[in-house]
Amino acid sequence: MTVSSISSTAHSRHSELWSCILDEGALATEPVLSGLAVRYAFMETPELPLRAVFELDLLGTTPESIPECIAWHSLRLGPSCYSGGKQSYSRPIPIVKDRPGGQNTNKHLQADPILNVLDIVKPGVLTGDEVRKLFLYAQEKGFAIPAVNCTSSSTINAVLEAARDQKTPIIIQVSQGGSAFYAGKGLPNGNQEASILGAVAAAKHVREVAKAYGVPVVMHSDHCAKKLLPWMDGMIEADEAYFKEHGVPLFSSHMIDLSEETNEVNIGTTRKYFERLAKVNCFLEMEIGITGGEEDGVNNEDVDASKLYTTPEDVYQVYKSLSEVGPNFSIAAAFGNVHGVYKPGNVVLRPGLLKTYQDYVVEKENITNNKKPVFLVFHGGSGSTHEEIIEAVSYGVVKMNVDTDTQWAYLCGVRDFVQEKAGYLEAQVGNPEGQDKPNKKYYDPRVWVRCGEKTMSKRVSEANTSLGNVNTL
Ligand SMILES: [Zn+2]
């Protein structure tokens, strides 16, 4: 019996993802066969039928030969694991050879090429059904998608650029305050009119440009508390009008956050909104339990600590109620996550709780074919460790919000430029190279704003990489 491990590398155009269903008698696979290298693998289920996903180096190999190669040696794969990008976070996969001689178990094996994201959904803004397909795919492959808060066309473009360069789907979201900023801080917003207008404008901007970047985009609106429901109403009206004309909603998805209300009010009201959204094929994210910290003017820094951890019973209550309406919803549960970046404090992140939510739903609903029936969302992820993120994704997190870190990244690019070029930014004319030298090429916003876009884009790429969302198209 030998144990070896596979180290992962970035997946390139010379590699391809394959899945195979293995039944008894074909317990696993051989990592290197006839020049065929298994670059990454994870097992979907610990019991039979096993489902394995492999990234194979296809250089010098014909696709037809792959099933045979995989089947040739029977091995047993170890615990679920996956990788993404060059900065691999793959745990080694123990490979136990339980049939040293190997025998052709081809009859036990069906191999199909796994579809990539673009085989499932098209570039551009996705509908609710398409968001669900994308999330199912992400759960199956073991990655999550960053949802980046944007406040301008500049930040939106920076996010799309990162997604294009890394060949990934992406989630763009606007908060109520961010939407108002998008429309312009000079506009009145007493009845959420600027927030509605800004969110609609952002969605239309994304609809226009996303296809040019060639990436599928989930256009989403972020937290909407009870007092902000007129904002939600306005956005849904825009969805309904767009649906009438084009057969799809304007946005892909909205979040409603009534987590500060009682469970009864939270779930009851959320369900009413979900019924309305389901009619126009829009996805819904809801929150139960409270994310700590402060974001977009909502301060939960003094919330009772017990509310910062959602119970499996609460998650199940939501799952049960919303499932009766439709499948296109996700749950942001609180597992000690905190908005913003703070020094380590009293709230401890407990990603293990996410697994208890899935297990509880599986048990209550008697689900036999899916260990992760709930689409989970990770709010307040800024500042989390790599291990915490990986663990959360392994329990079915499909979306992780990124705001604080990308805000900081955008500033860094602008700040560094201004500091570095200080001598060129004191007057329109005159710099260290001469008193009559013009400075237009330094103060043109296309120069210094672009610096912020680049550093923000880089930070989005880091989020993609840490979530395993690289080369997924
Ligand atoms: Zn949040």
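Worth a mention:
- The simple spin-label model puts a point 7 Å past each Cα toward its Cβ; for Lys320 and Asn191 those points are separated by 4.1 nm.
- Per residue, in Å², the accessible surface of the range 230-290 once ligands and nucleic acids are set aside, probe 1.4 Å: 38 Å²
- Cα-Cα separations in the range 342-417 greater than 20 Å, expressed as whole percent: 45 percent
- Accessible surface of the range 310-431, 1.4 Å probe, proportion on carbon and sulfur as whole %: 51 percent
- Positive minus negative residues near Asp405 (Lys, Arg vs Asp, Glu; Cβ under 9 Å): -1
- For Ser175, the residues whose amide H sits under 5 Å from its own are Cys150, Asp222, ignoring neighbours fewer than 5 places away on the same chain, with H placed 1.01 Å from N.
- Spin-label model, Asp129 to Arg415: label points 7 Å out along the Cα-to-beta-carbon direction sit 4.7 nm apart.
- The string of couplings for the range 452-467 from the Karplus curve (6.51, -1.76, 1.60, θ = phi - 60°) is x, 4, 5, 6, 5, 4, 5, 5, 5, 4, 5, 5, 4, 5, 5, 8 Hz, one whole number per residue in order, with x for Gly and Pro.
- The lysines within cross-link reach of Lys437, meaning a Cα-to-Cα straight distance under 28 Å and a gap of 8 or more places when in the same chain, are Lys421, Lys454.
- Phi-based couplings in Hz for the range 119-129 (Karplus 6.51, -1.76, 1.60; Gly and Pro marked x): 7, 9, 10, 9, x, x, 6, 8, 8, x, 4
- Residues whose amide H lies under 5 Å from that of Ala332, counting only those 5 or more places away or on a different chain, are Met286, Glu287, Ile288, Val377; hydrogens are built 1.01 Å from N in the peptide plane.
- Calculated FRET value between Glu245 and Glu365, using beta carbons and R₀ = 35 Å, to 0.05: 0.40
- Estimated at the nearest 10 Å², the accessible area of Asp416 is 70 Å² with a 1.4 Å probe.
- Distant-in-sequence amide H partners of Gly430 (H built 1.01 Å from N, under 5 Å): Lys437, Asn439
- Max-minus-min Cα coordinates of the range 108-214 on each principal axis give 66, 25, 19 Å, with the largest extent listed first.
The values are calculated or read from the model by the stated rules, or taken from the named source; none is laboratory data. Owing to the predicted nature of the structure, the values given are computational and were not obtained by experimental measurement. Positions of Cβ are backbone-derived with ideal geometry, glycine not excepted, and every protein chain shown enters the neighbour counts. Just so you know, the surface numbers come from the protein's heavy atoms only, side chains and all, with ligands and any DNA or RNA stripped out. Shrake-Rupley method; radii C 1.70, N 1.55, O 1.52, S 1.80 Å.
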